[in-house]
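Trainee: Please see the structure below; I have some questions.
The values are calculated or read from the model by the stated rules, or taken from the named source; none is laboratory data. Model, not experiment: these values are computed from the prediction. Neighbour counts run over all protein chains shown; Cβ positions are idealised from the backbone, glycine included.
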Amino acid sequence: MTDNLRKLARELLESGKASVVIGYGDATLPGRTTPVFITSAAEADRLVWNEHCLNNLAVYLSSRKFKTDGKIAIVAKPCDLRAIINLVQENQVKREDVIIIGMVCSGMKDNDSGKPLEKCNACMEHVPKNCDEIIGDPASAPKPADPNAEFISLEKLEAMSPDERWAFWSKEFSKCIRCYACRQVCPMCYCTQCIAQKTQPQWIPSSQTPKGNFSFGMFRALHSAGRCVSCGECERVCPVGIPLNLLTAKMRKEIREKYGYEAGCDPDAPAPMCNFKPDDKEDFIR
Amino acid sequence: MKKVDKNKLGELMQAVLDAGKELIAPVRQGDHTAYARIKKPGDAALDILLTRMPLKEFFLPKTECLLKYTNLEGGGVEVSDPDPLNQERVVFGARPCDASSLPIMDKVFTWDYNDSLYLARRDKTTIVSIACESPAASCRCESVGISPSAKDGSDVLLTPIGDAYTVDAVTEKGEKLVALWGSKLSDASDADAAKAAAFKPALPGHQTDTASLRGKLKAKFETPAWAEQTMKCVGCGACAYLCPTCHCFDIVDEKSGCGGERRRNWDACAFSTFTLHGSGHNPRAEQQHRYRQRVMHKFDYYPEKFGPVACVGCGRCLSACPVGMDIFEIIEKVTADE
């Protein structure tokens, strides 16, 4: 797949169809990959594809906008691809400005433990959809997991009493150092000014106190409702190991149950949190 | 020089607790690792090569109160200062890189102002470091002139010699602690001392000669290589907050009811708001400028003012960076001849 990817990247850059290919290259630490920005065909051999291509590169289309005159070609796992589709739906990127190179994905492995990622065990979509190019053989892809597999980790939390849940999250958020890595890697966190940084008035205390940490975690989870594509980057990058996916998974579950909606799966489906109809049953908006 | 059996470290920690001192050691918190206060030696996880969090928060807490204020009925404000730390503490099982960060921080907190809260914590704390037997691929201490058995910043250094450690009291504070341990330690032979002196585990990761490269940084301030090398940086504060020497902070007043606290919180130069002016202008407009500041501060501005570089090569920023930034690779790339 790496050879095919490099070949495609060379073609896109040589023909001028794309001015940059955002993909994965080898990192300096053994066995890891790092995002790379390939702008000439001669550099295409820096691209790699393996089971450590963890980053969701869609973040470079939204909050960390890559500046270029031509089209951006971007390497995307099926889960990351959903983020790109969602960004198109939210008018953050024009679909015609991006060439999506979808990768048939058998799952990624944790950098430290070498074990398959939890999200990959629960993956329903190993073959990319809505992309411009496909690398890999769709026939070789693993079978989709049960649709509820991604919510198994929630069961323990949902079985807790409110007091137990409070104790659980108090302990987890006490570790938060407010580095905002979760926010910065999230393709959906593209606000130019985050409410966490507002000072006049200050909505969320910047101190690493329970009040500040809780408010930050809660508002981020709520903002992810109907938008989180379950790429799991927030939890992966958290340097102190807060299980942030439990929060976003709960939001995804609510959205699925109430609206039958999966963010970034269908470019034409109206996003539940961004649309309303005059005949909606709720009357607060009228 | 003294020595202690490897399986007797628990007794040394218990002696610290029995003497009424607070004990801080590396611990596991689920999958997370950090230094933490412990109540029994069994809670220490001395097998951890390097905790995810550095020792820094015990000297410069993530958040600390600088003063409390209360608005009084009928006008006026009552202000009170926090009490400096007044409890003896021992950090047991620090790594030489983490210990080396403390003299670097000291220079900042005593330069134009003696920071009493910081200095009280330093004064009350004795650092016992354990030299590293199996450094990791991310370890970069030799890139900055430190070694897996460096003594700088430690009060006592334990160096592995087979089934035992030599116990080396580096400072006066360290001598007091060794005296407290008394007969729990035995005398090291000349052969033991020679073994300890020869202790030099190989670092598996690539080491960068920052001593010779850092002199080139100033001339490379405007090189386009900064933009190329920092393009992938997403602008979070993980590198700064996990760094044992990053010491930038923000001061905020946070209200609660009729009063509040003035707090000092960690801050990071990678944040876009770090240098954002009230006018809306930002002198470090792009991420490349912010990352360049990180490199320049550590390898140019700080050494120019204080001597050593402000990096101990612990490698936390390499292993925890969400996008795999490697500060040493970046130094090599931006200082390379065009």
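Trainee: Mind listing just one residue for me: the one in region A:226-241 that is within 12 Å of chain B (Cβ to nearest Cβ) and more than 11 Å from the chain's Cα centre (by Cα) and, of those, surrounded by the most Cβ atoms within 10 Å (Cβ to Cβ)?
Mentor: A:239
Trainee: For region A:5-28, name all the residues that are of a type outside the set (A, V, I, L, M, F, W, C) and either over 17 Å from residue A:53 (Cβ atoms) or not assigned by TED's automatic domain parsing to the domain that holds residue A:50 (or both). Please lay out each step first, then the result.
Mentor: Initially, region A:5-28 is screened for residues of a type outside the set (A, V, I, L, M, F, W, C), giving A:6-7, A:10-11, A:14-17, A:19, A:23-26, A:28.
Residues satisfying the conditions are A:7, A:10, A:11, A:14, A:15, A:16, A:17, A:19.
Trainee: Ok, one more. For residue B:195, state whether it is over 30 Å from residue A:28 (Cβ atoms), touching a strand residue (DSSP E or B) at 6+ places or on another chain (Cβ under 8 Å) and surrounded by 15 or more Cβ atoms within 10 Å (Cβ to Cβ). Steps first, please.
Mentor: Details: over 30 Å from residue A:28 (Cβ atoms): yes; touching a strand residue (DSSP E or B) at 6+ places or on another chain (Cβ under 8 Å): yes; surrounded by 15 or more Cβ atoms within 10 Å (Cβ to Cβ): yes.
Criteria met by residue B:195.
Trainee: Looking at region A:1-84, what strands (runs of 3 or more DSSP E) fall wholly within it and have at least 1 residues that are away from chain B (no Cβ under 14 Å)?
Mentor: Working: elements: A:20-26, A:33-38, A:72-76.
Strands (runs of 3 or more DSSP E) meeting the threshold: A:72-76.
Trainee: Suppose we filter region B:203-247 for residues that are without any contact (Cβ under 8 Å) to a residue 60 or more places away in the chain, away from every other protein chain (no Cβ under 12 Å) and not in a helix (DSSP H, G or I); how many remain?
Mentor: 2
Trainee: Which residue, of B:151, B:173, is among the basic types (Lys, Arg), modelled with pLDDT of 95 or more and within 10 Å of residue B:99 (Cβ to Cβ)? Give the steps one after another, and end with the answer.
Mentor: Numbers: B:173 fails: within 10 Å of residue B:99 (Cβ to Cβ).
Exactly one residue qualifies, and that residue is B:151.
Trainee: Now for a separate question. Quick one: how many residues across region B:281-301 are under 20 Å from the mean Cα position of the chain (by Cα) and in contact (Cβ under 8 Å) with a residue 24 or more places away in the chain?
Mentor: Pass one, region B:281-301, residues under 20 Å from the mean Cα position of the chain (by Cα): B:291, B:293-301.
Adding the requirement that they be in contact (Cβ under 8 Å) with a residue 24 or more places away in the chain leaves B:291, B:293-300.
Qualifying residue count, region B:281-301: 9.
Trainee: Let me ask something additional. Name the strands (runs of 3 or more DSSP E) wholly inside region B:12-82 in which the number of residues that are away from every other protein chain (no Cβ under 14 Å) and surrounded by fewer than 19 Cβ atoms within 10 Å (Cβ to Cβ) is 2 or more.
Mentor: Numbers: elements: B:22-29, B:32-38, B:63-71, B:77-80.
Here the list reads B:63-71, B:77-80.
Trainee: Out of the residues in region B:258-277 that are assigned to a loop (DSSP other than H, G, I, E, B) and among the small types (Gly, Ala, Ser), which is nearest to residue B:59 (Cα to Cα)?
Mentor: Within region B:258-277, the subset assigned to a loop (DSSP other than H, G, I, E, B) is B:258, B:267-277.
Next, from what is left, pick out any that are among the small types (Gly, Ala, Ser): B:268, B:270, B:272.
Values: B:268: 17, B:270: 22, B:272: 26 Å.
Filtering first and then ranking leaves B:268.
Trainee: To continue, here is another question. Within region A:91-115, how many residues turn out to be under 30 Å from residue B:49 (Cα atoms) and assigned to a strand (DSSP E or B)?
Mentor: Residues flagged as under 30 Å from residue B:49 (Cα atoms) and assigned to a strand (DSSP E or B) within region A:91-115 amount to 1.
Trainee: If we scan region B:114-127, do we find a residue that is in contact with a Gly (Cβ under 9 Å, 6 or more places away or on another chain) and farther than 17 Å from residue B:52 by Cα?
Mentor: We begin by selecting, within region B:114-127, every residue in contact with a Gly (Cβ under 9 Å, 6 or more places away or on another chain); these are B:126-127.
Now narrow it down to the ones that are farther than 17 Å from residue B:52 by Cα: B:126-127.
Checked region B:114-127: at least one residue is in contact with a Gly (Cβ under 9 Å, 6 or more places away or on another chain) and farther than 17 Å from residue B:52 by Cα.
For every residue, the table says whether it meets (1) surrounded by fewer than 20 Cβ atoms within 10 Å (Cβ to Cβ); (2) over 30 Å from residue A:231 (Cα atoms); (3) in contact with a strand residue (DSSP E or B) (Cβ under 7 Å, 6 or more places away or on another chain); (4) at pLDDT 95 or above.
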| position | (1), (2), (3), (4) |
| --- | --- |
| B:283 | yes, yes, no, yes |
| B:294 | no, no, no, yes |
| B:298 | no, yes, no, yes |
| B:326 | no, no, no, yes |
| B:336 | yes, yes, no, no |
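Trainee: Could you run through region A:103-126 and say how many residues are without any contact (Cβ under 8 Å) to a residue 40 or more places away in the chain and over 25 Å from residue B:321 (Cα atoms)?
Mentor: Pass one, region A:103-126, residues without any contact (Cβ under 8 Å) to a residue 40 or more places away in the chain: A:105, A:110, A:112-116, A:120-122, A:124.
Filter once more, so that each one left must be over 25 Å from residue B:321 (Cα atoms): A:122, A:124.
Selection size over region A:103-126: 2.
Trainee: Would you check if residue A:135 is touching a residue at least 40 places away in the same chain (Cβ under 8 Å) and over 17 Å from the mean Cα position of the chain (by Cα)? Spell out how you get there, then give the answer.
Mentor: Numbers: touching a residue at least 40 places away in the same chain (Cβ under 8 Å): yes; over 17 Å from the mean Cα position of the chain (by Cα): yes.
When the stated conditions are applied, residue A:135 passes them.
Trainee: Scan region A:161-184 and tell me whether some residue there is over 25 Å from the mean Cα position of the chain (by Cα) and not in a helix (DSSP H, G or I).
Mentor: Within region A:161-184 (the criterion being over 25 Å from the mean Cα position of the chain (by Cα) and not in a helix (DSSP H, G or I)), the answer is yes, since at least one residue qualifies.
Table: residues versus (1) surrounded by fewer than 19 Cβ atoms within 10 Å (Cβ to Cβ); (2) of a type in the set (A, V, I, L, M, F, W, C); (3) free of Cβ contacts under 8 Å to residues at least 60 places away in the same chain.
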{"position": "A:66", "(1), (2), (3)": "yes, yes, yes"}
{"position": "A:73", "(1), (2), (3)": "no, yes, no"}
{"position": "A:96", "(1), (2), (3)": "yes, no, yes"}
{"position": "A:128", "(1), (2), (3)": "no, no, yes"}
{"position": "A:140", "(1), (2), (3)": "yes, no, yes"}
{"position": "A:161", "(1), (2), (3)": "yes, no, yes"}
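Trainee: I'm trying to understand the selection: among the residues of region A:189-206, which are in contact (Cβ under 8 Å) with a residue 24 or more places away in the chain and touching an Asp or Glu at 6+ places or on another chain (Cβ under 8 Å)?
Mentor: A:206
Trainee: So which residues in region A:203-225 are away from chain B (no Cβ under 14 Å) and of a type in the set (Ser, Thr, Tyr)?
Mentor: A:224
Trainee: Can you name the condition, by its number, that residue A:182 falls short on among (1) more than 25 Å from residue A:27 (Cα to Cα); (2) modelled with pLDDT of 95 or more?
Mentor: Condition not satisfied by residue A:182: (1).
Trainee: Let me ask another. Might you check whether a residue that is closer than 27 Å to residue B:30 by Cα and of a type outside the set (Ser, Thr, Tyr) occurs anywhere in region A:185-203?
Mentor: yes
Trainee: Say we look at region B:252-261 and pick out the residues that are in contact with a strand residue (DSSP E or B) (Cβ under 6 Å, 6 or more places away or on another chain) and either at pLDDT 95 or above or over 30 Å from residue B:100 (Cα atoms) (or both); which of these is farthest from the other protein chains (Cβ to nearest Cβ)?
Mentor: Step one: of region B:252-261, the residues in contact with a strand residue (DSSP E or B) (Cβ under 6 Å, 6 or more places away or on another chain) are B:252-254, B:258-261.
So of that shortlist, the ones also either at pLDDT 95 or above or over 30 Å from residue B:100 (Cα atoms) (or both) come out as B:253-254, B:258-261.
Details: B:253: 9, B:254: 5, B:258: 17, B:259: 15, B:260: 10, B:261: 8 Å.
The selected residue is B:258.
Trainee: Which is surrounded by 14 or more Cβ atoms within 10 Å (Cβ to Cβ), touching a Ser or Thr at 6+ places or on another chain (Cβ under 9 Å) and within 30 Å of residue B:307 (Cα to Cα), of B:252, B:167?
Mentor: Working: B:252 fails: within 30 Å of residue B:307 (Cα to Cα).
Matching residue, one of B:252, B:167: B:167.
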